[in-house]
Amino acid sequence: MTDTLLATLAIIDSYLWGPWTMAFLAGVAVFFTVTSGVFQLTGFRYILRSTVGCFAASADRSARQQLTPFQAAATSLAGTVGMGNMAGVATALSVGGAGAIFWMWVLAFFGMMSKTVEITLGVYYRERGADGEFRGGPQSTIHRGLGWTPLAVLFSAGMLINSVFAASMLQSHTVGRALLASYDINPYVVTGAMAVLTALVVLGVLRRIGRFSERLVPLMTVAYIIGALVVVIVNAGALPDVFGSIFSHAFSPVAGVGGVAGVAGSEAIKQGMARGMLSNEAGMGTAPMVHATADTEHPFQQGVWGAFEVFFDTIVICSITALAILSTGAMASGESGIELLLVAFSEVFSPSVAALIVSGAIATFCLSTQIGFYVYFETSFVSLVGEGPFRVLRWVYFLPGIAVAGVADVDRMWLVANIAVAVTAIPNLLAMLSLSGVFRTLMRDELSGERAYATAVMDRTGPMMRGYGATGG
């Protein structure tokens, strides 16, 4: 029965992440890159000014009920900076080879515009709930911008599955494996503790999540980057060969090394794109749900946080993880997932120090992701059943991680996560394309200084633009 289910999931995964899906994903990202004039490069100064340069303005808004732009970005990063940056990269390397990193970089560059587009649209089409707080995301974008209610429902259902598997279960499972391998701690103790900690943070006002994220994300990221950079610097002599293998293996089959099976070039592309998207979530539809709650002046101004998030998540953190693994020769160990990263760190640090760095980083990364994904879980749940039932059933989010994540098979869990990513991404990407004209209007409106579609106007009057193929739903 289990083997049959696994085989069925593998078939579904092969269709959802087949050549056409990857071409569609890349095509949408390239389309917005070209039609925006390669804004991630030509508008780099604007991106910096609207992200890194907005901290002072964010501080002035901190007393309001909405999240500041930085808190929204930090919460979004808390949902993306997690096991995808560590265990996900390690899995991509063990399954797709070094060439997977090249395709992860390619998707990240073009994905900077995909995430900018989806966040911009999410803020523009957001709605004020009965509790007075703004909510939005692809559900609202699809429904209000296009009237395609069935597609909005499909996205919400897929996001519920994604939240449970990619956040509640996979995050808990990854921490459980890390602490079991390092300190022989019972995985159920770990998953139970994570559920309690997550509940303590999220079962409060939305701004509490924002305050937690804006403090934890920078601290945990700097600590991990320093540790990983030490590994890379110590093995700097191997970097020329590492980069050579990344580029050469991206386009050609690779023979097996150590305990790693041979890898086809197509598998490198698939793993790089799938793991890259699961890490930075560009086009997946998650980020708009938290950015839609931000107290921002214009949809496009908030949207460019997406470009910053993708760059930081993939080009910086995922790359450092990959270089640490490849430069130490850890691939020859035959390990995969978080154990592969432990092998790499143990080449430079003592086993106890390596365990402390990796386990500490993975615990904080995964906890922050689990907390960040609660926003997506709530938004999707409320859009399907309303706020009343959600207040009763919100505990569902915390239970799966305790029930099975401590002992479940990681490959099967990644399989379900991959499927969930595709189920949410495809409706979101279709909506983005159909609303591309709306995005270009919002982009021109902000960059020209006209601001006819500023949030102060839109939140009062409602969105005025509809997308191509919109219905009256």
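The values are calculated or read from the model by the stated rules, or taken from the named source; none is laboratory data. Just so we're clear, the structure is a prediction, and the values are computed from it rather than from any experiment. Neighbour counts run over all protein chains shown; Cβ positions are idealised from the backbone, glycine included.
Can you pull out every residue in region 331-349 that is more than 12 Å from VAL231 (Cα to Cα) and of a type in the set (Ser, Thr, Tyr)?
The answer is SER333, SER336.
Condition check: touching a Lys or Arg at 6+ places or on another chain (Cβ under 9 Å), more than 18 Å from THR91 (Cβ to Cβ) and crowded, with 21+ Cβ neighbours inside 10 Å. Does GLY303 satisfy that?
yes
A quick yes/no check of all residues on (1) at positive phi; (2) crowded, with 22+ Cβ neighbours inside 10 Å; (3) free of Cβ contacts under 8 Å to residues at least 40 places away in the same chain; (4) in a helix (DSSP H, G or I):
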residue	(1), (2), (3), (4)
LEU326	no, yes, no, yes
ILE338	no, yes, no, yes
SER352	no, no, yes, yes
ALA355	no, no, no, yes
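Just checking, which of ALA130, ALA166, ALA157 is closer than 18 Å to ALA195 by Cβ and in contact (Cβ under 8 Å) with a residue 40 or more places away in the chain?
ALA166 is the lone residue from the list that is closer than 18 Å to ALA195 by Cβ and in contact (Cβ under 8 Å) with a residue 40 or more places away in the chain.
Within region 217-234, how many residues turn out to be touching a residue at least 40 places away in the same chain (Cβ under 8 Å) and under 17 Å from ALA330 (Cβ atoms)?
Final tally of qualifying residues: 8.
Having 1 or more residues that are at pLDDT below 90 is the bar; report the helices (runs of 4 or more DSSP H) wholly within region 24-136 that clear it.
44-50, 55-60, 69-80, 89-96, 99-124
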